[in-house]
Amino acid sequence: MLLPHLSGEEKPLGNRTTISWKKAGQFTCLFFWMLPAFSQSNTWLIQEPYVKAHQLTLSLQLDESRKLLSSSAVTPEAIYINSLSDVFELLISEDADRFAELEQVYESRINTLKKASPQTAKELFVLAELRLQWAFVYLKFGHDFTAAWSVRQAHVISMECLRKFPEFMPTKKTAGLLEIMLGSVPEKYQWVLNLLGMRGSLENGLAMLTEVKSIDNPLADEAELLHPLINGFVLQQTDSALIHLELLHRNQPQNRLILFLGASLAIKNSSSELAMIMLEKLKGRSTGLPLYYSDYLLGEVYLHQGNYPKSIAAYQHFINQYKGINYIKDAHYKIGLSYWLQHQPERAKVYFELAKLKGREVTEADKYAARSLAENDFFNIPITRARYAIDGGYYDEAIRLLKSIKKEDLNSTHDLAEYHYRFARLYHKTNLLTEAKRYYEQTIELSGSETWYFAPNACLQLGYILRDEGNKDEARKYFNKALSYKKHAYKNSIDSKAKSALAQLKK
């Protein structure tokens, strides 16, 4: 889906200093033809109560936003904001009862937009946006085919809107996000996109979002939020993404969504201390949509710290309050793990058995928990403690734990491979890159053809280091090697990251 250059190209007049009346008339007609697109773009969401309702929605104050906009409102702006509120609620709460209720509302809104004749730029944009918003909802609730079809519909409608109304800037937010999503699809699934007539480009998508960020419109706030998320979770540029979110937080200190996303990204960036600060601030702002997933994140932080009693309490609170089923398996598994790391195997066993029965295997965390339980994957306690210390950025504790392990304590090839892998991760995160490369290479050699995730992620990380060093050919080799591993616990995630990295190397 490589988009053509949509704006007209100016041509010099040379020595000509006048324009014929005929051409002047043509330019005048063109100007008046373009006025509706410009006026609609310039008036999108800038009137009250839309401005306030949009701000409240982006801060997860959903009830307050809905009070400003009647749920039966049929203007494109009201439909867009109310739909965004519904989607945030469903993605965060995973409430199956609310899903059934709000899906009917969504279908009613789609019918309202489709009946408009002729459809304006606003109506086409909102129709595409609702399709894309609900693609994420359907994916979250396990309706994969409907999610894929919704992406297809969003793509077709956004392309139509760009073609008919090329100056209507909001459409570039939807089209840009679709470009990024489709451009990040692993190579083995590209045939599906080709079959459906869809292609994507990370570069084009980011350029579109940058355009939207530059406009004086509330939609720029959404583009500002999307940029660090894409940089952090798609491009793996977590440091810059986190800095971006921290700046957004300074400018909008009451915005709960920024704190929520910032805490998630901080944990991904091995910055558990920063995540703790954000989560504590989030707990102090209790109004708005309940964020029970923040208790799961607190459990992660306490596990990284080695504070196992608090980790257990946080995971338990998440399990008791959350209405969804994602991360439930992993939360039970992590409670069992916390007991196991405290040398309480009997209590650990209770939660390991519950983890086998509860939740589902959709997220990679839940898949990893299920795989570990199925394979009875409980290995060296100091290595495991070091793993979580590294994940949280507690590097002094991690090095102490790893150096305390004696050679005779490494009783299997798995232990030996993981031992080298944890040292590689530690050295990489502390910027000791020569040592990191050496330990990654040893991890790959020791892992052989085993289905552990150590080797594929070692290849991915080696690729990042070599790319940053300017050795693109070697980086490409390791990214492709990461893709070659089959059936490991984090295959979807690692494949997506490797595919994204390869796409960036083609620039």
Of the listed peptides 384-391, 338-345, what is their order by residue-averaged count of other C-beta atoms within 10 Å, with the highest listed first?
384-391, 338-345
Among 486-494, 290-298, the order from most to least packed when residues are scored by Cβ within 10 Å on average:
290-298, 486-494
Nearest 10 degrees, 0 to 90: what angle lies between the long axis of helix 144-164 and the longest principal axis of the chain (Cα atoms)?
30
Entries of K268/K429; K140/K329; K140/K173; K403/K429 with Cα pairs more than 19 Å apart:
K140/K173
In nanometres, what is the gap between the two model label sites at N251 and E273, each 7 Å from Cα along Cα-to-Cβ?
2.8
Förster radius 41 Å - calculated FRET efficiency between E474 and D409 (Cβ-Cβ, nearest 0.05)
0.75
If you take the charge dipole of the chain about its Cα centre, with +1 on Lys and Arg Cβ and -1 on Asp and Glu Cβ, which of I243, M159, N411 is farthest toward its positive end?
M159
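Over all distinct alpha-carbon pairs, what is the Kirkwood Rh of the chain in angstrom? Could the numbers behind the result be given before it?
On the way: mean 1/r = 0.0401 Å⁻¹.
Evaluated on the chain, it is 24.9 Å.
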Which three extents, in angstrom, do the Cα atoms of the stretch 301-414 have along their principal axes, listed largest first?
44, 26, 26
Spatially proximal lysines relative to K506 (Cα-Cα < 16 Å; intrachain offsets below 8 disregarded)
K472, K477, K497
Would you mind counting up the charge near S158? Only other residues with Cβ under 12 Å from its Cβ, with Lys and Arg at +1 and Asp and Glu at -1.
+3
Whole-Hz ³J(HN,Hα) from phi, Karplus 6.51 cos²θ - 1.76 cosθ + 1.60, for the stretch 119-126, glycine and proline x:
6, 7, 4, 4, 5, 5, 4, 5
Rounded to whole Hz, the Karplus (6.51, -1.76, 1.60) HN-Hα couplings of the stretch 472-489, x for glycine and proline:
5, 5, 5, 4, 4, 4, 6, 5, 5, 5, 4, 5, 6, 6, 10, 6, 9, 5
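Would you calculate, for the chain, the mean residue ellipticity at 222 nm contributed by helices, counting each DSSP H stretch of 4 or more residues as -39,500 (n - 2.57) and dividing by all residues, to the nearest 500?
Working: 26 runs with 364 residues, N = 507.
That comes out to -23000 deg cm²/dmol.
Which of the GluC sites (Glu not before Pro) found in the stretch 363-460 are in a DSSP loop and have at most 12 neighbouring Cβ atoms, other than their own, within 10 Å?
The qualifying sites are E375.
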Between 0 and 90 degrees, rounded to the nearest ten: what's the tilt of helix 202-213 against the longest Cα principal axis of the chain?
60
Would you grab the residues whose amide H sits under 5 Å from the one on T363? Only those 5+ places off in sequence or on another chain, please, with H modelled 1.01 Å from N.
Y327
Angle between the Cα long axis of helix 96-115 and the longest principal axis of the chain, 0 to 90 degrees, nearest 10?
20
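Taken together, the values in this text are just the output of simple stated rules run on the coordinates, not laboratory data. As the structure is a computational prediction, the values presented were derived from the model and not from experiment. Ideal geometry is used to build each Cβ from the backbone, glycine not excepted, and the neighbour counts take in all protein chains shown.
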